[in-house]
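This report refers to the structure that appears directly beneath it.
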Amino acid sequence: MGSVARQPLQGQRPAQGLALSSRATHIAPAPRRSAGPARRGRYSAVAMGLHWAIASLLLTNLALGFFGASLDGADKLFVISGIHKPIGMTVLVLSIARAIWRLLHRPPPYSAAVGPLQRRVAGAVHGLLYGLMIGLPISGWWMSSALPARHAFTYFGLFPLPFLPVPQAMWIAVAADQVHMTLGWAVVCAIALHVTAALKHQFFDRDDVMARMAFWMADRNA
Ligand code: HEM
């Protein structure tokens, strides 16, 4: 167990929703539900599982998107319609599930080593990532649905995937393509920022921020 283990955890709330202050006894509002491990300063298994599943699928799909865009004909159809689109739909469903989970479950409190400015910046970048994780696949879905001649696509050949009920016109599909590309580059920048911050915490500050999300690392607050 590291030294962080004995530091007070800022933002930590009483588990039962009842708080006794030194001046008066009052009933504090019950906190949102928080899984056991999160109370000790770590994300829950569900949050970690969704984080790493979405991270690996999204990074794979970014590479497939940029690679597929450089291809032509049958190769392009195979990479974009056969792999990139179903992975994108998976990212969309998992990201919506994760956003709902996040709204219902309070994240673990930071240790005192993480200052208020860092917490605010992290919150802003996380909010941006949630928006991009959902907005990026929707913009691709919109582009495919707006094409005058739509290419039917399936979920890895298992079942057909629907199109969005949007107007079909080439200029709309081109505009949606621009949005999709812009969001793609925005997610690259946001991930670069996010990963750099995580590595800085791990190797420079040597605090417990990485261990909050990394199930393979020891829980320093346990
Ligand atoms: C190697 C890549 C990655 C590493 C090392 C990493 C690391 C982390 C860590 C340590 C946290 C917890 C930070 C904290 O509590 O302040 C976190 C949270 C988060 N990560 Fe990542 N991450 C990676 C990739 C990604 C990717 C690709 C995405 C999505 C595009 C992503 C989205 C998020 C979000 C939205 C949160 C906030 C969780 C919440 O509080 O709801 N991460 N990540």
Result of the Cβ filter at 9 Å on the stretch 107-136, keeping first residues that are in contact (Cβ under 8 Å) with a residue 12 or more places away in the chain and among the polar types (S, T, N, Q) and partners that are away from the ligand (no atom under 11 Å from the Cβ) and outside any loop (DSSP other than H, G, I, E, B), at least 6 apart or interchain, is S111/V4; S111/L9
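How about the stretch 166-208: which of its residues are acidic (D, E) and either more than 16 Å from the ligand (Cβ to nearest atom) or surrounded by 15 or more Cβ atoms within 10 Å (Cβ to Cβ) (or both)?
D177, D207, D208
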With the first residue restricted to the stretch 60-87 and required to be at negative phi, and the second required to be surrounded by 16 or more Cβ atoms within 10 Å (Cβ to Cβ) and not in a helix (DSSP H, G or I), Cβ contacts under 6 Å at 6 or more apart or on different chains are S81/F153; K85/F153
Going through the stretch 46-88 in order, the residues found to be within 14 Å of the ligand (Cβ to nearest atom) and of a type in the set (S, T, N, Q) are S56, T60, N61
When restricted to V46, V125, V79, V114, the only residue β-branched (V, I, T) and within 11 Å of the chain's Cα centre (by Cα) is V125
Selection over the stretch 108-129 where residues are near the ligand (Cβ under 8 Å from one of its atoms), over 26 Å from L183 (Cα atoms) and either touching a Lys or Arg at 6+ places or on another chain (Cβ under 9 Å) or in a helix (DSSP H, G or I) (or both) yields a count of 2
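Sort out which residues of the stretch 150-170 are among the aliphatic types (A, V, I, L, M) and at pLDDT 95 or above, and write them in order of number. Steps first, please.
First, the residues of the stretch 150-170 that are among the aliphatic types (A, V, I, L, M): 152, 158, 161, 164, 166, 169-170.
Correct list: L158, L161, L164, V166, A169, M170.
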* If we scan the stretch 144-165, do we find a residue that is surrounded by 14 or more Cβ atoms within 10 Å (Cβ to Cβ) and within 10 Å of the ligand (Cβ to nearest atom)? -> no
- Would you be able to say whether some residue in the stretch 4-27 is surrounded by 14 or more Cβ atoms within 10 Å (Cβ to Cβ) and modelled with pLDDT of 95 or more? no
Reported set for the stretch 209-221 where residues are out of contact with any helix residue (DSSP H, G or I) (no Cβ under 8 Å at 6 or more places or on another chain) and either surrounded by fewer than 16 Cβ atoms within 10 Å (Cβ to Cβ) or farther than 17 Å from W52 by Cβ (or both) is W216
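The values are calculated or read from the model by the stated rules, or taken from the named source; none is laboratory data. None of the values given here were measured: they were computed from a predicted structure. Positions of Cβ are generated from backbone atoms using ideal geometry, with glycine treated the same way; all protein chains shown enter the neighbour counts.
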